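Novice: Below is a structure I'd like to ask you about.
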Amino acid sequence: MEYVKPEISLVVPCFNEEEAIPAFYEEAVKTCASLNKQFEIIFIDDGSKDNTLRILHGLAKEDSRVHFLSFSRNFGKEAALLAGLKAAQGDYTVTLDVDGQDPPSLIPKMLEAVVSGEHDCAGTRRVNRIGEPPVRSFFARRFYALMKKITEIEIVDGARDFRLMSRKYMEAVLALQEYNRFSKGIFPWVGFKTKWFEYENIERTKGRTKWSLWKLFLYSLDGIIAFSAKPLAAASVLGVVLFLMSIVFIGFIIIRRIIWGDPVDGWASTVCIILFCSGIQLFTTGILGQYVAKIHTEVKRRPYYIIKEAQ
Ligand code: UDP
Ligand code: MG
């Protein structure tokens, strides 16, 4: 069959999504067909342990517009997105989740915004977090507020990874070759003009979320470290403040010694000070360690992912 270059590429990361893929495929095809444009759907099987790969084999066999990349193990959503973007052939590329939380029905409107040339990217954000545990929403809000303060990029609150981008925008995203990829930061970092589309939160219909609160916490730390050196500066400031405090304290002790002599007491306060200072030291060394660990993974230059099979 003659190869037709697709105009639109859908990039869809999948990790243990056997339940969600069929419904997603149907809806995506329906939406893309209504656009009257050539399209391709690239699924990335991120080392799934269920029947995801088998389902993708089936779809690719039946529909030549479906392609897939299958990783040798789970490399994470960031790696899956990167692999998908690199493989995408279209003039416009859409990244979206397979679980129904990113409604493909928004694609026509998003495409319009970018095709007109007025914007380079169409992003989506959810305006509420209905159905999400309140603790998670609370920490997510705090995280966005913190990022706004300590980095020069502004992450839009509730922004999803559901985006439609022009080739120019996509190439800018791919030009960032860092190993520790934090898409939520990379997208705003590259700049360009983004048009935002808002929608109500949709709860996952099939399967389960892979994000525990702990995983989200670690992910947010990754984001902070990838885009800000402020924690290091904060550690230095803390050191300076404690140093100044200790000078005042030493002065106080000397004067007390001169005036009142040297009564042997105060060991409790000494122990407290030692504990306090060593705690702070470990804490700040820990911050430094996080950055060193990131440098460690960067300099190793390992591949972002390993493709076991592609079609
Ligand atoms: N995903 C992935 N690799 C992972 C975790 C998730 O490719 O290690 C995919 C998953 O299949 C889904 C998308 O990333 O299509 C978003 O994951 P999920 O729905 O679990 O996250 P949430 O929507 O709850 O943020
Ligand atoms: Mg989801």
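The values are calculated or read from the model by the stated rules, or taken from the named source; none is laboratory data. Remember, predicted model here, so these are calculated numbers, not experimental data. Heads up, the Cβs are rebuilt from the backbone with ideal geometry, glycines too, and the neighbour counts pull from every protein chain shown.
Novice: Any residue at all in region 216-224 that's surrounded by 12 or more Cβ atoms within 10 Å (Cβ to Cβ) and over 16 Å from Tyr144 (Cβ atoms)?
Specialist: no
Novice: For region 278-287, which positions are surrounded by 13 or more Cβ atoms within 10 Å (Cβ to Cβ) and of a type outside the set (Ser, Thr, Tyr)?
Specialist: Start the filter on region 278-287 by keeping residues that are surrounded by 13 or more Cβ atoms within 10 Å (Cβ to Cβ), which leaves 280-281, 284, 287.
Scanning region 278-287 gives Ile280, Gln281, Ile287.
Novice: Is there a residue in region 299-307 that is surrounded by 12 or more Cβ atoms within 10 Å (Cβ to Cβ), farther than 30 Å from Arg126 by Cβ and modelled with pLDDT of 90 or more? Can you show your working first?
Specialist: Initially, region 299-307 is screened for residues surrounded by 12 or more Cβ atoms within 10 Å (Cβ to Cβ), giving 304-307.
Going one step further and asking which of them are farther than 30 Å from Arg126 by Cβ, we end up with 306-307.
This time we only want the ones that are modelled with pLDDT of 90 or more, so: 306-307.
Yes; the residues of region 299-307 include at least one that is surrounded by 12 or more Cβ atoms within 10 Å (Cβ to Cβ), farther than 30 Å from Arg126 by Cβ and modelled with pLDDT of 90 or more.
Novice: Could you count how many residues in region 20-49 are within 11 Å of ligand 1 (Cβ to nearest atom) and either of a type in the set (Lys, Arg) or farther than 16 Å from Ala310 by Cβ (or both)?
Specialist: Keep residues of region 20-49 that are within 11 Å of ligand 1 (Cβ to nearest atom), which gives 20-21, 24, 43-48.
So of that shortlist, the ones also either of a type in the set (Lys, Arg) or farther than 16 Å from Ala310 by Cβ (or both) come out as 20-21, 24.
So the count comes out to 3.
Novice: Something else about it: If I filter region 50-76 down to residues being part of a loop (DSSP other than H, G, I, E, B) and within 16 Å of ligand 1 (Cβ to nearest atom), which single residue comes out as farthest from Asp99 (Cα to Cα)? It would help to see each step written out before you state the result.
Specialist: Step one: of region 50-76, the residues part of a loop (DSSP other than H, G, I, E, B) are 50-51, 63-65, 72-76.
Retained after the next criterion (residues that are within 16 Å of ligand 1 (Cβ to nearest atom)): 50-51, 72-76.
Working: Asp50: 15, Asn51: 15, Ser72: 22, Arg73: 20, Asn74: 18, Phe75: 19, Gly76: 16 Å.
Filtering region 50-76 for residues that are part of a loop (DSSP other than H, G, I, E, B) and within 16 Å of ligand 1 (Cβ to nearest atom), the one farthest from Asp99 (Cα to Cα) comes out as Ser72.
Novice: Restricting to region 135-177, and then to whatever is in a helix (DSSP H, G or I) and of a type in the set (Lys, Arg), can you tell me which residue is nearest to ligand 2 (Cβ to nearest atom)?
Specialist: Of the residues in region 135-177, the ones in a helix (DSSP H, G or I) are 135-150, 167-175.
Retained after the next criterion (residues that are of a type in the set (Lys, Arg)): 136, 141-142, 148-149, 167-168.
Values: Arg136: 13, Arg141: 19, Arg142: 21, Lys148: 24, Lys149: 27, Arg167: 26, Lys168: 28 Å.
Only one residue fits best here, namely Arg136.
Novice: Further question: Quick one: how many residues across region 86-121 are within 24 Å of Lys210 (Cα to Cα) and in a loop (DSSP other than H, G, I, E, B)?
Specialist: Total meeting the criteria: 8.
Novice: How many residues, within region 199-210, are within 14 Å of Thr124 (Cα to Cα) and either at pLDDT 90 or above or surrounded by 15 or more Cβ atoms within 10 Å (Cβ to Cβ) (or both)? Explain how you work it out, then say what you get.
Specialist: Our first condition is that a residue be within 14 Å of Thr124 (Cα to Cα); within region 199-210, this holds for 199-202.
Next, only the ones that are either at pLDDT 90 or above or surrounded by 15 or more Cβ atoms within 10 Å (Cβ to Cβ) (or both) stay: 199, 201.
Here the count works out to 2.
Novice: Conditions first: (1) charged (D, E, K, R); (2) exposed (fewer than 13 other Cβ atoms within 10 Å of the Cβ); (3) without any contact (Cβ under 8 Å) to a residue 60 or more places away in the chain. Glu118 passes all but one, so which condition is the exception?
Specialist: So the condition that Glu118 fails would be (3).
Novice: Please state which one of Lys230, Lys195 is surrounded by 11 or more Cβ atoms within 10 Å (Cβ to Cβ), among the charged types (D, E, K, R), at pLDDT 90 or above and closer than 30 Å to Pro303 by Cα. Let's see the steps before the verdict.
Specialist: Details: Lys195 fails: closer than 30 Å to Pro303 by Cα.
None of the others qualify; the one that does is Lys230.
Novice: Within 16 Å of ligand 2 (Cβ to nearest atom) and without any contact (Cβ under 8 Å) to a residue 24 or more places away in the chain - does that describe any residue in region 241-248?
Specialist: The answer is no, given that none of the residues of region 241-248 is within 16 Å of ligand 2 (Cβ to nearest atom) and without any contact (Cβ under 8 Å) to a residue 24 or more places away in the chain.
Novice: If you don't mind, there's one more thing I want to ask. Can you name the residue in region 33-49 that is closer than 23 Å to Gly90 by Cα and not in a strand (DSSP E or B) and, of all such residues, is modelled with the highest pLDDT?
Specialist: Keep residues of region 33-49 that are closer than 23 Å to Gly90 by Cα, which gives 33-46.
Among the residues that remain, those that are also not in a strand (DSSP E or B) are: 33-38, 46.
On the way: Ala33: 87, Ser34: 89, Leu35: 87, Asn36: 85, Lys37: 88, Gln38: 90, Asp46: 94.
Filtering region 33-49 for residues that are closer than 23 Å to Gly90 by Cα and not in a strand (DSSP E or B), the one modelled with the highest pLDDT comes out as Asp46.
Novice: Out of Glu203, Glu198, which single residue is closer than 23 Å to Met110 by Cβ, out of contact with any helix residue (DSSP H, G or I) (no Cβ under 7 Å at 6 or more places or on another chain), more than 16 Å from ligand 2 (Cβ to nearest atom) and touching a residue at least 60 places away in the same chain (Cβ under 8 Å)?
Specialist: Values: Glu203 fails: more than 16 Å from ligand 2 (Cβ to nearest atom).
It is Glu198.
Novice: For region 86-105, enumerate the residues that are within 16 Å of ligand 2 (Cβ to nearest atom) and either at pLDDT below 90 or among the polar types (S, T, N, Q) (or both).
Specialist: Within region 86-105, the subset within 16 Å of ligand 2 (Cβ to nearest atom) is 94-104.
Scanning region 86-105 gives Thr95, Asp99, Gly100, Gln101, Asp102, Pro103, Pro104.
Novice: Looking only at region 14-32, which residues are buried (at least 24 other Cβ atoms within 10 Å of the Cβ) and either within 13 Å of Ala88 (Cα to Cα) or among the acidic types (Asp, Glu) (or both)?
Specialist: Correct list: Glu17 only.
Novice: Okay, moving on. Restricting to region 77-115, name every residue that is of a type outside the set (A, V, I, L, M, F, W, C), under 18 Å from Ala20 (Cα atoms) and within 16 Å of ligand 1 (Cβ to nearest atom). Please lay out each step first, then the result.
Specialist: To start, the set of residues in region 77-115 that are of a type outside the set (A, V, I, L, M, F, W, C) comprises 77-78, 84, 86, 89-93, 95, 97, 99-105, 108-109, 112.
Then keep just the ones that are under 18 Å from Ala20 (Cα atoms); that gives 77, 95, 97, 99-105.
Across region 77-115, the qualifying residues are Lys77, Thr95, Asp97, Asp99, Gly100, Gln101, Asp102, Pro103, Pro104.
Novice: Let me ask something else. Give the number of residues within region 125-134 that are in contact with a Gly (Cβ under 9 Å, 6 or more places away or on another chain) and more than 12 Å from ligand 1 (Cβ to nearest atom).
Specialist: The number of residues fulfilling the criteria is 3.
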